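Asker: Have a look at the structure that comes next, please.
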Amino acid sequence: MAVDETHVGRRVREIRSFRGMSLTATAQLAGMAPSYLSMIERGLRPVNQRATLDRRPSWQALCAMRPPKRPTATSSRSKTRIAGEPAREALASALRVSPAELTGKPYAPTDAASEEAHGHIFEVEDAMTAWRIGEVPDAPARPWQQVSAELNLLNLTLRPNADYAAQGALLPSLIRDLLVAVNDPKRRTAALVGLIATYKAVAYFAHDLGVAGLPVLAVERMREAAEELDDPVWLSYAAYQRAQLISGTNRSRQYDLAVQTAQVPGARVEVHGLAHLTAALACASRGDADAAQTHLTEATALADRIEPDVSPWMQTNFGRTNVGIWKVSIGLELGAGAKVREIASTVRPAGVSKSRQAQFWIDVGRGLLTERKHRDQGLAAILEAEKLAPQKVRNNVFVRESVAGLLAQARREAGGRDLRGLAYRVGVAPSG
C-alpha cells in the first residue's frame, strides 16, 4: 500500500469510477461533503468509524439522486423504514457494495502466524459445510476427556487471546469430534454446548480474518445446536450472536434483533446485558446518541448484578469493566475522537481477556490519533494492543486505516521507527 493512500480510499475511488458515479453524487449519497470524500480517496482522512463504512442512505439522499416515482404500497413502506435514519450513511451503501469490498479482507499475511491462520481457512470452511448436527462424520470417537481438554484450550486460552493460527489448527477436528459425541446419549448435552462454543469461535475467527459468509453459517449452526437443547438460555445466547454478527450494512435490523434478545424471558443476565450493548453500538453507528445512552444505562445496571466483575460464563467477559470498554467503542463511534481518553481513564481493562484488552487499546489509540498533538500517545496505545493480541491488531481494518493515514501525515519525517515498524507488520508499509 502506498503511503499516500489507504486501502479503503483507493477502493472507494476504484468502485466509484467503475460505477460511473461522480465524486459529488457519491458524497451526497454518503451524507458527507465532496471535499471530505476526496480526502478519504486520497488517503488524507482515514476511515475510522463503522458508520462511514456501513450506514444506510437516508430517504432524503436517495430521493435527491433518483427521479420521482409514483407511490406504491412497497415504496411507502420503504420510506417509513428509512426515513428515521440520519442523513449520513455508509460509503458501502452509497456504492452498493459490501463493506468487505472496501476493507479488502482477508488481508495478505504479513507474518508466520497470519500465514498459518489463513492456511487453515479452507479446512474450517470444509468442517462447517460438510456436516450438520445428526450427521456423523466418518471419524472414530475420541475419549471425551481429550475432547473436553481441547474445548477448554479453545475457550479459555486460544479464543480469549485472539490466537487465530492455533484456533484454525484446532477447530476442524474439534467440530468433527463434537458431532460424533452428540450421538452418544451420555455426552449429548455437553457436546451440544461444546458445539455452541466452538461455532462461536468459528464465527469470530472468520469475522476477524474477513472470511465472507462463514460467520453467518457459524451463527446458524449455533442456532441449530441451541434448538436441540431446547433451553431459553442457549436459544437466547445464539440469538444474541446473530445480532452481534449481522452484516454492518443493516444496523436497523441489528438493533431490532438485539432489542428482541434483551427482552427474552429466561435468558441469562450476561445475554441481556450484551444485547443492550450491541443495541447501543447499532444506535451509535446511526448517530443516535440518546438511544445509545439508554441502552448503555440498561447494560450498566445489569453489569452491577454480576459478581465477580467479569463473568466467566461462556467467556462473555460481561461485567462493569467490559461495559466500560464498550463505552469507549461507542463514544468513538459517536465522534468523541481524542475525548475517548476521558472515558477510558475510568477503565481498568486488566481483568478481561487479552482480546478485549486489545480492543480497548485499539479504540483508545484510534481516538487519540484523530488529533495530531496526541499522535504519540495514540501510537503507543495501538502498540500496547499489538503486544496483547498481535493477530487481532494486524487484521483490524481501522488500525490499518489509522496507521496508513498517520504514516502519510508523517512521511516527511519518515514517521519514526515505531510507526514504520507497525506499518510494516500490519501490511501498510510504504511501497516503492
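Coordinate-derived values only; no laboratory data. Keep in mind that this is a model prediction, so the values were computed, not measured. We place every Cβ from the backbone using ideal geometry, glycine too, and count neighbours over all the protein chains shown.
Asker: Run a plain Debye calculation on the stretch 143-202 (Cα atoms as equal point scatterers, no solvent) and give log10 I(q)/I(0) at q = 0.15, 0.23, 0.24, 0.27 Å⁻¹, rounded to two decimals, same order as the q list.
Answerer: Here the Debye-derived log intensity ratios amount to -0.38, -0.85, -0.92, -1.13.
Asker: For Asp231 and Arg305, calculate 0.36 nm times their separation in residues minus their Cα-Cα distance, and state this gained length in nm to one decimal.
Answerer: 24.4 nm
Asker: Here is a further query. Return the ratio Rg/(2.2 N^0.38 Å) for the stretch 231-335, where Rg is computed over Cα atoms only.
Answerer: Taking the Cα Rg and dividing by 2.2 N^0.38 Å, one obtains 0.98.
Asker: If you project the alpha carbons of the stretch 299-390 onto the principal axes, what extent comes out on each, in Å, largest first?
Answerer: Cα extents, longest axis first: 40, 27, 17 Å.
Asker: P(r) for the stretch 339-418: what percent of alpha-carbon pairs falls in each 5 Å bin, starting at zero?
Answerer: Result returned by the calculation: 3, 16, 28, 25, 17, 8, 3, 1, 0.
Asker: Name the GluC sites (Glu not before Pro) in the stretch 100-161 that are in a loop by DSSP and that have at most 14 other C-beta atoms within 10 Å, would you?
Answerer: Here the sparse-neighbourhood loop sites are Glu135.
Asker: Report, please, the projected area of the stretch 106-229 averaged over directions, based on the convex hull of its C-alpha atoms, in nm².
Answerer: 7.0
Asker: If you don't mind, there's one more thing I want to ask. Using the beta-carbon distance between Gln377 and Ser38 and R0 = 22 Å, what value does 1/(1 + (r/R0)^6) give for FRET efficiency, to the nearest 0.05?
Answerer: The value I calculate is 0.15.
Asker: Oh, and also: Distance from the Cα centre of the stretch 104-168 to that of the stretch 341-375, in angstrom?
Answerer: Answer, in whole Å: 29.
Asker: Using 5 Å bins from zero, what percent of all Cα-Cα pairs in the stretch 292-336 falls into each bin?
Answerer: 5, 24, 29, 21, 13, 6, 1
Asker: Please give me the summed charge of the neighbours of Ala127: other residues whose Cβ is under 13 Å from its Cβ, Lys and Arg +1, Asp and Glu -1.
Answerer: Every neighbour counted, the sum reads -3.
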